[in-house]
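Read-outs throughout are calculated quantities, based only on the coordinates presented, and are distinct from any laboratory measurement. Everything numeric in this text was worked out from a predicted model, so none of it was measured. Here the Cβ positions follow ideal geometry from the backbone for every residue, glycine too, while neighbour counts run over all protein chains shown.
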Amino acid sequence: MCGIVGYIGKNDALPVIINALKMLEYRGYDSAGVAVFDGKTIRIVKRKGKIRELEQELSSKALKGTVGIGHTRWATHGRPDDINAHPHRCGPIVLVHNGIVENYLELKEKLQRENGNSFCSETDTEVIACLISSKYRGNLVEAVLEAVKELKGSYALVVMSEKEPEKIVAYRKDSPLILGVGDGEYFVASDIPALLPYTNRVVALEDDECAVLKRDGYLLLKNGREFSKEPKVVHWSTAMADEAGYRHIMQKEIFEQPKAVADTLNAYYSAEGEFGLFEESFSQKLIEAERIRLVACGTSYYACMVSRYWFDRFSRLPVDVDIASEFRYRDLHIDKRDLCIFVSQSGETADTLAALRLCNSSGATTVGVCNVMESTIARESQAVVYTLAGPEIGVASTKAFTTQLAVLFLMAVYMGWIREHLSKDEVKSMCNPLVYIPGLMEEVLRLDGSLRDLARVYMKKEHFLYLGRYLNYPIALEGALKLKEISYIHAEGYAAGEMKHGPIALIDEQMPVVVVAPPDKVYEKIRSNIEEVKARSGIVIAFNPKFNTELEKICYHIF
Ligand code: F6R
């Protein structure tokens, strides 16, 4: 995923841009570039590879100036190389772009035919630069606003003109852009962590909003009209976004889970049985709901799958769980009494956002469960409950997942309470023991060393199975997703009861099978599934919170 940064202020732009781009490195990229106005011209330096390679290139170039933009690119149109890297230039216009312009080929042909433009890159971004350039009559804002009328697709644009070097113009359509308001300096970035070293005062742009950043302030435009929006303060800091002595950021985030979950639980529930999830007026809609729809992608979808069992039990309403990218293509009859819950760490996932918009336009009640303040899903949902995980920088979701579970559990119990299926005493007996969860998580984290040893034993395996039943079926899916994503080892998650319907054929003495087997209402069933694996000489690695001699006997490893 690409990253965008722009700066105008009193300081040297280059170190600010490079530092801010580094805060976005976690998003993954294959080339990077910067453009700085040096007092005469806008100079561009860009390189395939990592930011450190760009820095090497920059070390021999004195790129001095106080206005500039930067980008980390994840190739979509054209291979990752120096030429396709951003920024792109056409005439006086220099820009960086996130997103995809769907009609770029059509526009490219038109610009070639009518303006005689020639293009050096394979990107859709260079086409946007030339389109803006073709509209440019000395007013950058007007040229950008004219050009976007012809663009189809999603885009966040940050643009400079050599003829008006004292401003940066930013425009958002379906791809996030955040302004950072500093002290006599202004920033724009595709994501909040890029801004954290400099400011925590942010303004999130909405679709079709344009921002003009100057040295003495910024102005916002929509439909050609100026409007104002107060900056919001984000309670995140740079320290929350660095490795803090851990081997990598994901390890740090794994170890932050007890605190993240404790913060989230404390924010929304008190031992007196009081909830702080929703305004009273909004809760009326939850009382009137006739169906619950949970919609998300990836790990957030698995959090929804877990919570389905809780919503089934406590709300006693029909509950649907959908993958956001499939949701829009079902022939759904979304009703105004549907309560639709959208779960997203980033609050920017395009499919989840599209599903939210569909439900909003159908008159349903919508709730976002998001981690990033001021993100689009948070803003466009009728109510939002934030997971208080702090910035999740690691590309794989960890602490966001467990805080999502905390919020969804509280929401499910809250539904049971306001719909009068649970008494106050039942609420307390359900929720008060949650205070033990962070401590129990600490205990699990102390398994770190022995799990690392286990990983060394099986690191050369090419396939893994993950099994669980009931609440732990989606946990098995999540475990398999993490192994695939982080170790590049093929892993399948299965409902353990489904094993005999096919996957059992894969089990032999080469196959590690990870089983989540706590002493819950399906323990006997999952123990039988473990026996089935053992009968085929599979390597059972089981997780159980209590010492269990029975499992000790039948599993290779038990944690
Ligand atoms: C997996 C992972 C992804 C995200 C998914 C949704 O480790 O991180 O599967 O969970 O892309 O992202 P959000 O929650 O930001 O909508």
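So the values come out like this:
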{"quantity": "Of the GluC sites (Glu not before Pro) in segment 390-457, those whose Cβ has at most 12 other Cβ within 10 Å and which sit in DSSP loop", "calculated": "Glu420"}
{"quantity": "Loop-located chymotrypsin sites (Phe, Trp or Tyr not before Pro) in segment 250-330, at most 16 other Cβ atoms within 10 Å (DSSP)", "calculated": "Tyr329"}
{"quantity": "Centroid-to-centroid separation of segment 421-442 and segment 348-362 [C-alpha atoms, Å]", "calculated": "32 Å"}
{"quantity": "Residues Tyr198, Tyr470 arranged by fewest to most Cβ contacts within 10 Å", "calculated": "Tyr470, Tyr198"}
{"quantity": "Projected label distance in nm at Ser237 and Lys10, using a 7 Å step from Cα toward the beta-carbon", "calculated": "2.4 nm"}
{"quantity": "Segment Glu122-Glu166, length gained on full extension (0.36 nm per residue, minus Cα span)", "calculated": "12.9 nm"}
{"quantity": "For the chain: span of alpha carbons on each principal axis (Å, largest first)", "calculated": "77, 55, 43"}
{"quantity": "Those GluC sites (Glu not before Pro) in segment 491-559 that DSSP places in a loop and that have at most 10 other beta carbons within 10 Å", "calculated": "Glu509"}
{"quantity": "Linear extension gain, Lys428 paired with Gln284, 0.36 nm per residue minus alpha-carbon span", "calculated": "49.7 nm"}
{"quantity": "Alpha carbon Rg of segment 137-229, scaled by the compact-globule rule 2.2 N^0.38 Å", "calculated": "1.03"}
{"quantity": "Three-way shape label, segment 447-558, alpha-carbon gyration tensor, a/c 1.5", "calculated": "rounded"}
{"quantity": "Cα-based radius of gyration of segment 227-286 once divided by 2.2 N^0.38 Å, which approximates compact folds", "calculated": "1.64"}
{"quantity": "Lys46, Lys399, Lys152, Lys167 arranged by Cβ crowding within 10 Å, fewest neighbours leading", "calculated": "Lys152, Lys167, Lys46, Lys399"}
{"quantity": "Charge dipole magnitude, Cβ of K and R +1, D and E -1 - the chain, Cα centre, debye nearest 20", "calculated": "680 debye"}
{"quantity": "Dipole magnitude of segment 250-444, debye to nearest 20 (Cβ charges: Lys/Arg +1, Asp/Glu -1, about Cα centre)", "calculated": "280 debye"}
{"quantity": "Radius of gyration and Dmax over the Cα atoms of segment 3-240, both given in Å", "calculated": "16.3, 52"}
{"quantity": "Structure-based [θ]222 nm, the chain - -39500 (n - 2.57) summed over DSSP H runs of at least 4, per residue, nearest 500", "calculated": "-11000 deg cm²/dmol"}
{"quantity": "Label zone at Glu150, where the point sits 7 Å out along the Cα-to-Cβ direction: segment 116-140 residues whose backbone N lies under 12 Å", "calculated": "116-117, 127-136"}
{"quantity": "Size of electric dipole in segment 3-240: Cβ of Lys, Arg +1 and of Asp, Glu -1, about Cα centre, debye, nearest 20", "calculated": "340 debye"}
{"quantity": "Cα-based equivalent ellipsoid, segment 1-50: semi-axes from gyration tensor eigenvalues, Å", "calculated": "21, 13, 7"}
{"quantity": "Estimated distance in nm for a label pair at Lys461 and Tyr488, the labels positioned 7 Å out from Cα along Cα-to-Cβ", "calculated": "2.0 nm"}
{"quantity": "Environment charge at Ala455 (Cβ cut-off 14 Å; Lys +1, Arg +1, Asp -1, Glu -1)", "calculated": "+4"}
{"quantity": "Per-bin percent of Cα-Cα distances, segment 84-127 [10 Å]", "calculated": "29, 60, 12"}
{"quantity": "Kirkwood-Stokes translational diffusion coefficient of segment 440-511, alpha-carbon pairs, 20 °C, 1.002 mPa s, µm²/s", "calculated": "161 µm²/s"}
{"quantity": "Separation between Cα centres of segment 14-90 and segment 451-499, rounded to whole Å", "calculated": "39 Å"}
{"quantity": "Beta bridge orientation in the chain: antiparallel %, DSSP, nearest 5", "calculated": "65 percent"}
{"quantity": "Three principal axis lengths of segment 250-444 [C-alpha, angstrom, descending]", "calculated": "46, 41, 25"}
{"quantity": "Label-point gap, in nm, between Asp81 and His333 - each point 7 angstrom along Cα→Cβ", "calculated": "5.6 nm"}
{"quantity": "Anisotropy class of segment 189-241 from Cα gyration tensor, a/c 1.5 cut", "calculated": "prolate"}
{"quantity": "Full-stretch length increase - Ser537, Ala350 - with 0.36 nm per residue and alpha-carbon distance subtracted", "calculated": "63.0 nm"}
